[in-house]
Each structure stands twice: as structure tokens, then as C-alpha cells.
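First the structure, in the form of C-alpha cells, and then the observations on it.
Readers should treat all values here as calculations from the given coordinates under stated rules, not as data from a laboratory. Note that the structure is a prediction, hence the values are computed from the model and not measured. All Cβ positions, glycine included, derive from the backbone under ideal geometry; neighbour counts span all protein chains shown.
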Amino acid sequence: MDRDLLAGFLVSRRSALQPADVGLVAGVRRRTAGLRREEVAQLAAMSTDYYTRLEQRRGPQPSTQMLASLARALRLMPDERDYLFRVAGHSAPERHPAPDYIAPGLLRVLDRLTDTPALIITALAETLVQNEPARALFGDTSSLTGLERSDIYRWFAHPGTERRRYPRDDHDRQGRAQVASLRAALGAAGPDSRAAEIVRELSRRSPEFVALWAEQEVSRRFTDHKVLVHPELGEIEVDCQALFTEDASQVLLVLTAPPRTEAASKLALLAVLGSERVSTRS
């Protein structure tokens, strides 16, 4: 770990960002060039004291999880992220797949979407980050680990809980779409990938998955018109639009409804309700 290089790099990247770049309000009487230390700490989900010690060359060696959080908070490009890992004394993470890295371009768009559900997911439907309306609609999945991070996996491994957000008459269509997306992800990632691990595990656990997998459907369906079920607001009819990274490994999903419709009013209420009353599987 090179404390001098790490500290200098963190200060430089923090100074290069403005609050609006990361979805924050600048406020008045702002003297700091770029983000404040406490703002970076907030974005990286760490204490301000911990982050401050890193910049002051006296902190402990950050874990790879901490570095991944810092890379997201500072909106680092892949080369910058790799440099951060190396000066902190770790090997740079693999470029493909990189489940803890979020494309800065998608994050910049997500930062500006505050009034409608939006989230960034991987090809395996793993939620990387979501805004407050999305948490209120889908629940907070940030605590999930391993295969449980994948919506595809949970759809078949825990159908009783994971399918409640879709009308019962849409379960078959959604299940087919999940399997078709998984096959597309497997084709891109290969037999030693996490996609292959999901296939093996679901083949062992779910006869329904086995039957659908045998149909050989391949498709990545993100843009869609669907009905979602909120535990308090009931059914919400939405249009789902997708913005992909260049390598299609991550996608920003934005859910909207036509103006002045009942669905649009329900989406507006999501930010008011918040996510504290929406539970996910623990």
C-alpha cells in the first residue's frame, strides 16, 4: 500500500467532482473545491473519519469492498479504478465480470432520476444500485450476497416471496423471460461463469426451471410493458426503458407511466412512501 499515492489520488478525484455530478445539492456558502470529505464518505457508505484518515495518509489498508465503494462514489473509470486498487496494495479486479463496479456513465444518469423508479443491474439481474422510488417499489436488495443477488435465481429458488410483485397471470411470461435472459448471459460469459453456477443450482432445485431451460429460448428482455404489484398501492402499469453500457454487461432500467394517469400518480407516491415499509427476503 502506497499511502502517499492513495491519498493524493483520492484528493484529486474528490476535487474533480461537483455535487451535481453525483446527485447532491451544493447548498450555499460552499468553499470546498469539489466534493467534501463527508459527501464522499456518504456516497461510499463509510464513516467520514475512516475516509479522512485515508486522505491524511494514516488510515488502515482498505479492503477490496471499501475500494469498490470508493470507486463508485468517485465515479472512477475502469483504468482509474484499477489504479486505486493497486496503490492500495491490492490486485486490480477482473474487468469481466466486475460485479462491484458500476459504469460511471449510467450512474450519472441515475443520479438525475429522482422522481421515478430507476436501477442499474447486471446481465444476471443483480441490482447494483437503485434510487429511492425503486427501493420503495422492489425493496432494498443491497444486503443480499452470492447467488441470492440475482433476481433470476430468486425467481425460481424463492417463488413464494419473489413473485409477489407481479400479477399471478404474468408469472409464466416472466419466468420464461428470466430463463431466456440467463441463457443469453451464459452464452456471453461461458461455462466457468456465475451464470453457469446459477444454471447448475436451479437445475438441482427447481423442476419448473428445468422444464423452461429445456426449451432453449435465448433473449435479453429489458424494454417491456408490465404490471407491478406494490404492497400498499396495488397494481401499477409501467413502461420499462433500458440504457446499456457498451459491452452490455450493465443496464440502467427506468420505469415510467404516461402523464396524468393513475399509474403516474402511484409512481409519484413511491418517493413519499419510501422503502422502510417494503421488505425483501432476509
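The Cα center of region 189-268 and the Cα center of region 1-80 differ in position by 33 Å. When Leu267, Leu70, Leu233 are arranged by Cβ crowding within 10 Å, least crowded first, meaning fewest neighbours, the order is Leu233, Leu267, Leu70. The alpha carbon gyration tensor of region 3-87 gives principal lengths a ≥ b ≥ c with a/c of 1.5 or higher and a/b greater than b/c, which makes the shape prolate.
Note: the chain, Cα convex hull, 141 Å³ per residue. Using θ = phi - 60° in the Karplus curve 6.51 cos²θ - 1.76 cosθ + 1.60, the 3J(HN,Hα) couplings for region 68-77 round to 4, 5, 5, 4, 5, 4, 8, 6, 6, 6 Hz; x is entered for Gly and Pro. Neighbour counts of C-beta atoms inside 10 Å place His225, His230, His158, His90 in the sequence His225, His158, His90, His230, starting with the fewest. Taking other C-beta atoms within 10 Å as the exposure proxy, Asp151, Asp21 rank Asp21, Asp151 from fewest upward.
Among residues other than Arg86 with Cβ under 12 Å from its Cβ, the summed charge is -3 (Lys and Arg +1, Asp and Glu -1).
Scanning the chain for GluC sites (Glu not before Pro) in DSSP loops with at most 11 neighbouring Cβ atoms within 10 Å leaves 95-214 as the longest stretch between them.
Placing +1 on each Lys and Arg Cβ and -1 on each Asp and Glu Cβ, with no other charges, gives the chain a dipole about its Cα centre of roughly 740 debye. The stretch between Glu201 and Met1, if pulled fully straight at 0.36 nm per residue, gains 68.2 nm over its current Cα-Cα span.
Stretching Ser142 away from His225 to a fully extended chain increases their span by 27.3 nm, per 0.36 nm per residue minus the current alpha-carbon distance. Here is the result for region 75-144: no chymotrypsin sites (Phe, Trp or Tyr not before Pro) lie in DSSP coil with at most 13 other C-beta atoms within 10 angstrom of their C-beta.
Between Ser265, Phe156, Leu228, the Cα set farthest toward the positive side of the dipole of region 104-273 (charges on each charged residue's Cβ, about the Cα centre) is that of Phe156. Near Leu24, once Lys and Arg are set to +1 and Asp and Glu to -1 for all other residues with Cβ below 9 Å from its Cβ, the sum equals -3. Here region 97-232 is treated with +1 on each Lys and Arg Cβ and -1 on each Asp and Glu Cβ, and its dipole about the Cα centre works out to around 160 debye. Length available on full extension from Leu24 to Gln216: 0.36 nm per residue minus the Cα-Cα distance, which gives 64.6 nm.
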